[in-house]
Amino acid sequence: MRLYLSSYRLGDHPEHLRALFKSERARVAVIANALDAVPAELRAEMVERELADLAGLGLTGVELDLRSSVDLQGYDGVWVRGGNVFVLRTAFARSGFDVLLKSALEADSIVYAGYSAGACVLAPSLRGLELCDPVSDVDGEVLWDGLGLIDEAIVPHVDSPGHPETDLVRPIVDLYRRTGVPHLTLRDGQALLVTGSSRQVV
């Protein structure tokens, strides 16, 4: 399994992300469904920013909107941007992408990379994140289970002055500490890098 889970955008050391791809001409599916509750024009602008960031690393990004397609054929990886983790989880479940993703990662056929909500959704549970991401943004039933692809919760934007959510995540960290929830805190610039059984914060 190859994972690059960033607190915010590409992080301070995106060379680690680039190194996960075996192909020099890697094609990456950009998934922005965490933004499904925001206005379409703003969503489109944010997708363009992600495509530009990946292009700067020599990666070819193509948006894959889970509301219309879940086909990963021809992609070397996915880049799942931030937004509302509950909206993102719903999109994964409704499309069946969660099942497809697990199978692809088990086969090590793709790289999973992303930030903020895109990292948080891999945890065993999303409980506690409602202190930051409003569940009212979800159209339909709120899903509280994460994908369970990592063993702990990730709390991004910790001690990250300038990020609008850095104050919102402090109560989440306090809750996890108080209730014994295994978790990893990341400040903006940091990312969790996983390659097989090896893991490190970069």
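Structure summary
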| quantity | calculated |
| --- | --- |
| Cα→Cβ-extended label distance, 7 Å offset, between Thr60 and Arg199, nm | 3.3 |
| Residues of the range 70-96 with amide N under 12 Å of the 7 Å Cα→Cβ point at Leu168 | 83-87 |
| Distance between the range 50-85 and the range 8-45 - C-alpha centres, whole angstrom | 5 |
| Beta bridges by DSSP in the chain, antiparallel share as percent, to the nearest 5 | 35 |
| Phi to ³J(HN,Hα) by Karplus 6.51 cos²θ - 1.76 cosθ + 1.60 over the range 14-24, Hz, x for Gly, Pro | x, 4, 5, 5, 4, 5, 6, 8, 7, 9, 5 |
| Shape of the range 4-56, Cα gyration tensor, a/c cut at 1.5 | prolate |
| Positive-end extreme of charge dipole, the range 53-202 - chosen from Gly61, Gln200, Leu131 (charges on Cβ) | Gln200 |
| GluC sites (Glu not before Pro) within the range 138-202, DSSP loop, no more than 15 other Cβ atoms inside 10 Å | Glu141, Glu152 |
| For the range 109-202, share of DSSP beta bridges that run antiparallel, in % to the nearest 5 | 60 |
| Directionally averaged shadow of the chain, computed from the convex hull of its alpha-carbon atoms, nm² | 10.4 |
| Environment charge at Leu126 (Cβ cut-off 9 Å; Lys +1, Arg +1, Asp -1, Glu -1) | -1 |
| Net charge over other residues, Cβ less than 12 angstrom from the Cβ of Met46 (K, R count +1; D, E count -1) | -3 |
| Sparsely packed GluC sites (Glu not before Pro) within the range 35-131, loop by DSSP, other Cβ within 10 Å at most 14 | none |
| Volume per residue that the Cα convex hull of the range 121-202 spans, once the total is divided by residue count, Å³ | 107 |
| Residues whose placed amide H lies under 5 Å from that of Leu72, excluding near-sequence neighbours | none |
| Accessible area per residue in Å² at 1.4 Å probe, computed on the chain | 45 |
| Where a label projected 7 Å from the Cα of Ala52 along Cα→Cβ would reach, residues of the range 94-118 with amide N under 19 Å | 115 |
| Relative contact order of the range 146-202, pairs being alpha-carbon contacts under 8 Å that are 6 or more residues apart, as % | 35 |
| Local electrostatic count at Ala117 - Lys and Arg +1, Asp and Glu -1, tallied over other residues with Cβ under 12 Å | -2 |
| Whole-percent carbon and sulfur share, accessible surface of the chain, 1.4 Å | 50 |
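The values are calculated or read from the model by the stated rules, or taken from the named source; none is laboratory data. Owing to the predicted nature of the structure, the values given are computational and were not obtained by experimental measurement. Every residue, glycine among them, receives a Cβ derived from its backbone with ideal geometry; neighbour counts consider all protein chains shown. For accessibility, only protein heavy atoms count, side chains too; no ligands or nucleic acids. Shrake-Rupley method; radii C 1.70, N 1.55, O 1.52, S 1.80 Å.
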